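A short reminder: the numbers here are calculations on the coordinates, not readings from a lab. Remember, it's a predicted structure, so these values are computed and weren't measured experimentally. Note that we place each Cβ from the backbone using ideal geometry, even for glycine, and neighbour counts take in every protein chain shown.
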Amino acid sequence: MGGETITRKKKKFAKEPNFTEKKTYRPEGVKETGLAFIGHEISEDGNTMNQFLHYDQLYTIRHGWNSKFFKGLLEGKIWGTKCPKCGDTWVPVRTHCWNLDCNLEKTEWVEMPLTAKVHTWTIAGWSGRSSLKRLPIVLVYAVIGDSKVAIANELHGIDSWDAEFGMPLKIVFKPKGERSGIITDFHFEPTNDWKPSPTNEEKERIKQLVEPVYEWVKTLK
Amino acid sequence: MPRKVCIVGGATTPFDYGPTGFESIEGGAAECIKETQKDIPDFSMRDLDLMIYSHFSVHFGHQLCSEWIIHDHLGLVGVPHYRVENGGNTGGSALYAASLAVMSGHHDAVGVVGWETMDSVSQSQGSEFIALASDIRYELLVGGIYPIYYAAMANKWMKDNNVSEEDVATIGAKNRNNAMDNPKAQWYRNEHKYITADDVMNSRLISYPIKKYDCCLMSRGVAFVLVCSEEYAKKINPDGYVTIDGMGLSSCTIRAGDRLNFPGWTERYGKGYPGMTEFGACRNAADQAYKMAGIKNPRKEIDFGEIHDAFSTSEAQIYKALYLADENNIAQFLRDESTHMHGEIPMNPGGGLMGYGHPVGATGLMSTIECFYQLSDMIPKKHLSRKTEVADAECGIVNSHAGTGTSISNFILRRC
Ligand SMILES: [Zn+2]
């Protein structure tokens, strides 16, 4: 009964990757300790109790067919995909075409230019806990090359109130050693020949909104 | 011909961030049902032949399948149950599922319970958890949170439609002021003061053009709605039931930037729509709901609405998606205070997400309940004054909205 390993070649559908190059950048003190109750509190009248449950968990995001994009970030490149049937091109990438007439055609990888154009913008004065110290952040949705979609990322190298619709951008990567293969490996900056438009009522209003944010960030430990 | 779908009752717990006295979700669900039974004494737990649970995130619930805890607590073993999850449109989607169940003829009395317990984490961690409903591969930690994506969409929308910061600020003030006499509302339970558009303008920057008082809050809360066949409605609440005459559910991209040239939209609405500024799924869901309810001129035929004001800007964008105004008159529509209590089509008389609160899985049900109360003349009973009663309302719209406009449902409710 059992015990015998079946050595017949199994149907695999695709070649399985073998991971040989590994890097971690987890901060000190991050441990996967599993689930634990780590404390409680009781209301003054003794009627209500709260319990504190703690877990920290490492997730593996398997990028699979999208990997070339994220690996490209490590190399300072922006990869897009293109449908061989209809020619639509995307960054963020699609591994299969979105056009129903193309019937989920598999797309091809194309290297995109490191230039973009602002579609819309905002200036964040508040964010998630891991981004608070970087405030205020100028976030733009920009179209890279002939992409059919806009991608979100930060715009640096500008006074926040000077962001404009349609402004030309270049893509700037972090130094090679600081890249992690994630979207924040790059940001946008205005192209060298771009000049901000003169100040106006809206810019003054934004200044008024943003100044307290700078002050507040200084108070963060 | 599918069967008519009715709503006969419903209630929420108080909504708040922090202690409410209704902390346990199963206890909260039981109390919502008991309040409903007080309103319609003939409704028995034994009538329920399907339970649909409306809950967004395990990250807030710290419990997989928490609906199972509620369900057996209610004594309903053996009654079929399942959970619906669809981001901010979880409540609307659960109502959609319940309606389909009744419409099909397979079920007669469907209980829908929704909840979220967002105060189990800090507000800033909560914002980050919600951002896990963006495409995290491309958007997590880029700016970081949903209001930023909404602000980017709204900034361009406002420019394209000549709508000013002040214009949308009136919405932030309106919905909070509408919640002033609604005792279960988060605004009533906390700040509880009348505010003006100036207060909204002077509140701290979240992401330009959105300020603090343009944003809804994170909440804990539970809601219950009883959806049923007309036969059952006539039996237990013959004079107070409401019919769901139209409904629509539609979808859009997860990443807002992907809707610039999406073939599925170009095919339906022509090139350039919705772009990054309009809520295509809202328009599409409205088209379906209006057609089903026979509505030709929504601004004239609908008396009021309870809609998804996660941001004052998105409430304004929703007006346009619902055909209440177009690019030529939306700014004037706002300046005329058309959606205030004294306006032609009051929106969020119950307070909406900004006034009442936004415990995600319960939110769409809260909107449904407030709409039901209006259409069954229960506002004087449920609110502390008649200030937010839409007198003699015959027809209301309920709107539930997810993602960056990624899933949206609309319902047309009418007095029986
Ligand atoms: Zn194609």
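Listed values, structure above:
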quantity: Trypsin sites (Lys or Arg not before Pro) restricted to the range B:97-199 and DSSP loop, no more than 13 other C-beta within 10 Å; calculated: B:193
quantity: Distance histogram in 10 Å bins (all Cα pairs of the range A:1-75, percent per bin); calculated: 11, 23, 20, 21, 14, 8, 2
quantity: Length-normalised contact order for chain B - Cα pairs under 8 Å, 6+ apart - percent; calculated: 26
quantity: At q = 0.18 Å⁻¹, base-10 log of I(q)/I(0) for chain A (Debye sum, equal scatterers on each alpha carbon); calculated: -1.34
quantity: Value of D in µm² per second that Stokes-Einstein yields for the protein assembly as shown, Kirkwood Rh from Cα pairs, at 25 °C (0.890 mPa s); calculated: 95
quantity: Label-point separation in nm, residue B:34 to residue A:156, each point 7 Å along Cα→Cβ; calculated: 5.8
quantity: Restraint check, A:117/A:218; A:77/A:174; B:184/B:382, Cα-Cα greater than 21 Å; calculated: A:117/A:218
quantity: Three-way shape call for the range B:43-184 based on the alpha-carbon gyration tensor, with the a/c threshold at 1.5; calculated: prolate
quantity: Shielding score for B:259-270, defined as the mean number of other chain Cβ atoms within 10 Å; calculated: 3
quantity: For the range B:148-157, 3J(HN,Hα) per residue [Karplus equation, 6.51 cos²θ - 1.76 cosθ + 1.60, θ = phi - 60°, Hz, x = Gly/Pro]; calculated: 5, 5, 4, 5, 5, 5, 5, 4, 6, 4
quantity: The protein assembly as shown - charge dipole about Cα centre, Lys and Arg +1 at Cβ, Asp and Glu -1, debye rounded to 20; calculated: 2280
quantity: Per-residue HN-Hα couplings for the range A:23-38 [Karplus 6.51, -1.76, 1.60; θ = phi - 60°; Hz; x = Gly/Pro]; calculated: 9, 10, 10, 6, x, 3, x, 7, 10, 8, 9, x, 6, 8, 7, 10
quantity: The range A:17-62, relative contact order [Cα under 8 Å, separation at least 6], %; calculated: 35
quantity: For A:177-187, mean number of other protein chain Cβ atoms within 10 Å; calculated: 2
quantity: Inter-centroid distance (Cα atoms) of the range B:254-307 relative to the range A:83-153, Å; calculated: 23
quantity: For peptides A:193-201, B:2-10, sequence by mean Cβ density within 10 Å, most packed first; calculated: B:2-10, A:193-201
quantity: Candidates B:343, B:88, B:28, ranked by Gaussian network fluctuation over chain B, Cα under 10 Å, top entry; calculated: B:343
quantity: The range B:164-291 shape via C-alpha gyration tensor axes, a/c threshold 1.5; calculated: oblate
quantity: Of B:39, B:303, B:239, the one that fluctuates the most in a GNM where chain B has Cα springs shorter than 10 Å; calculated: B:239
quantity: Charge dipole (chain B, unit charges on Cβ, about Cα centre) - positive-most of B:269, B:244, B:73; calculated: B:269
quantity: The range B:346-416: trypsin sites (Lys or Arg not before Pro) falling in loop per DSSP and having at most 16 other Cβ within 10 Å; calculated: B:386, B:387
quantity: Chain B shape via C-alpha gyration tensor axes, a/c threshold 1.5; calculated: rounded
quantity: Relative contact order %, chain A, counting alpha carbon pairs below 8 Å whose residues are six or more apart; calculated: 14
